[in-house]
Amino acid sequence: MKTKTLIIAGLLSFGGTLIATLPASFVIEPLNKPPNIHLSGVKGSLWSGSIAQATINNISWGEVRWKLRPLSLLTGKLGVKLDTKHPEAEIQGLANIHFSKELTLQEVLFSLNSSRINQLQPYAKFDGTAKGRIDTLYLKDFELSQAPLIDGILNLEEASMSSPVNIQQGNYKLSIENNGEENLGKISTHQAPVQISGNVTLNKDWNYKTDLAIKTTPTGKNLDVFLNMAGKKTPDGKLLIKLQGDLKPLLNR
């Protein structure tokens with residue numbers, strides 16, 4: 001029994017040493033193959049390392065650092081604790097990379113400034129900060145052939161818009177949960193010039209639908225002209241926004 005214990009301990013020690021010294025490039029290189037991902041300046045080992053520059057869809061996320069969660073290997077996936085370092089975006093949390101190229105994020109906290117928000121979407125110019133929490137995010141592959149499935153919260157704090165219409169500062173919240181096939185987002189506002197309520201859905205094929213109600217507050221009366229042009233209001237002064245479309249073109253811009 002003692003000999004068997006020593007053999008097992010030796011194998012575990014060897015495995016731990018192998019993991020600790022395996023070059024990070026050995027694992028990072030397969031992640032670098034999709035055309036929308038560019039990872040450069042890989043340093044360290046699988047156990048602890050960094051990427052000097054991570055670029056996804058032509059947007060830089062700066063330095064990415066990680067530390068291995070070794071027990072994750074027993075479940076057939078590579079689990080790491082990671083964080084990014086960029087003046088426009090801060091992200092930290094847990095990532096599990098499955099050997100089938102699936103990605104799961106957990107307990108992620110993030111903060112994006114207005115420059116990063118405007119890079120991610122081309123339709124409006126925002127000022128303010130986006131902060132949030134992702135409880136879980138599941139991504140089938142790094143080519144983004146399917147939209148991720150998300151549970152989490154996004155807060156836009158002291159957010160304002162200067163284009164295509166001027167909107168004063170306000171606070172907006174998007175709560176997201178998924179049913180395995182699509183994401184359901186519920187929007188609410190606090191101390192904002194416009195009251196927004198309703199739902200937004202995004203399915204795995206990147207198709208979205210909106211069912212929103214918008215109404216101005218006393219500090220947002222300058223928006224009434226714009227809302228009147230956008231459509232017919234309900235008797236209580238709300239504008240209903242029911243849209244649907246495809247977000248795939250945004251991935252290729």
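Each residue in region 131-149 was checked for being more than 11 Å from N183 (Cβ to Cβ) and assigned to a strand (DSSP E or B), and 7 pass.
Does G152 satisfy the condition of being under 20 Å from L240 (Cβ atoms) and either in a strand (DSSP E or B) or modelled with pLDDT of 90 or more (or both)? The answer is no for G152.
Could you say whether any residue in region 28-37 is surrounded by 15 or more Cβ atoms within 10 Å (Cβ to Cβ), assigned to a helix (DSSP H, G or I) and modelled with pLDDT under 85? Checking region 28-37: at least one residue is surrounded by 15 or more Cβ atoms within 10 Å (Cβ to Cβ), assigned to a helix (DSSP H, G or I) and modelled with pLDDT under 85. Against the list (1) under 17 Å from the mean Cα position of the chain (by Cα); (2) on the phi > 0 side of the Ramachandran plot, the condition N178 fails is (2).
If you go through region 60-78 and keep only what is among the small types (G, A, S) and either surrounded by 16 or more Cβ atoms within 10 Å (Cβ to Cβ) or closer than 20 Å to N36 by Cα (or both), you end up with S60, G62, S72.
Of all the criteria given as (1) surrounded by fewer than 17 Cβ atoms within 10 Å (Cβ to Cβ); (2) not in a strand (DSSP E or B), the one not satisfied by L223 is (1). Only residues that are in contact with a Leu (Cβ under 6 Å, 6 or more places away or on another chain), under 20 Å from L144 (Cα atoms) and of a type outside the set (V, I, T) were counted across region 78-114, and they come to 4. Could you please find all residues in region 232-253 being over 21 Å from A192 (Cα atoms) and either part of a strand (DSSP E or B) or modelled with pLDDT under 85 (or both)? Within region 232-253, K232, K242, L243, Q244, G245, D246, P249, L250, L251, N252, R253 meet the criteria. For the residues I176, I187, the requirement of being in contact with a Ser or Thr (Cβ under 7 Å, 6 or more places away or on another chain) and at pLDDT 95 or above singles out I187.
Within this structure, K248 passes the test of being more than 23 Å from K131 (Cα to Cα), in contact with a Phe, Trp or Tyr (Cβ under 6 Å, 6 or more places away or on another chain) and of a type outside the set (A, V, I, L, M). Looking across region 185-210 at every residue that is among the hydroxyl-bearing types (S, T, Y) and under 23 Å from D246 (Cα atoms), the one that is surrounded by the fewest Cβ atoms within 10 Å (Cβ to Cβ) is identified as S197. If you go through region 158-175 one residue at a time, do you hit one that is within 30 Å of T75 (Cβ to Cβ) and in a loop (DSSP other than H, G, I, E, B)? No.
Scanning region 94-130 for residues that are outside any strand (DSSP E or B) and exposed (fewer than 15 other Cβ atoms within 10 Å of the Cβ) turns up F99, S100, E102, S115, L120, Q121, P122, Y123, A124.
Scanning region 139-167 for residues that are touching a residue at least 40 places away in the same chain (Cβ under 8 Å), under 22 Å from N207 (Cβ atoms) and surrounded by fewer than 17 Cβ atoms within 10 Å (Cβ to Cβ) gives D141, E143, Q146.
The values are calculated or read from the model by the stated rules, or taken from the named source; none is laboratory data. This one's a predicted model, so the numbers in the text were calculated from it and none came from an experiment. When we count neighbours, we look across all protein chains shown, and the Cβ atoms used for this are built from the backbone with ideal geometry, even at glycine.
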